[in-house]
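Coordinate-derived values only; no laboratory data. All values reported here derive from a predicted model rather than from experimental measurement. When we count neighbours, we look across all protein chains shown, and the Cβ atoms used for this are built from the backbone with ideal geometry, even at glycine.
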Amino acid sequence: MKRILIKNGILVNEDQQYAADILVEGTYIAKIGTDLSHSHAEVIDAQGGFVFPGVIDDQVHFR
């Protein structure tokens, strides 16, 4: 299973922004916290950047 650790970013959700790390395992978010580590994860340094949730096109029309 592929693991990705996004470190040092500013996590943004609907009503707040805060510094956090995110550990992704496969297609799932496994942990959100500070000072996370994992010896087998690919590390992405998001220092100075924002981490947003996926964007969904709410204007799509299914027939």
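Remarks
- Virtual spin-label span in nm between Thr34 and Phe50, 7 Å along Cα→Cβ: 2.1
- Once the chain from Thr27 to Asn8 is taken as fully extended at 0.36 nm per residue, the excess over their C-alpha distance is 4.8 nm.
- When each of the peptides 46-52, 1-7, 13-19 is scored by how many other beta carbons lie within 10 Å of its residues on average, the order from highest to lowest is 1-7, 46-52, 13-19.
- Per residue, the average separation of C-alpha pairs within less than 8 Å and at least 6 apart gives the chain a relative contact order of 39 percent.
- Extended-chain gain in nm, criterion 0.36 nm per residue less alpha-carbon gap, Val60 and Tyr18: 12.0 nm
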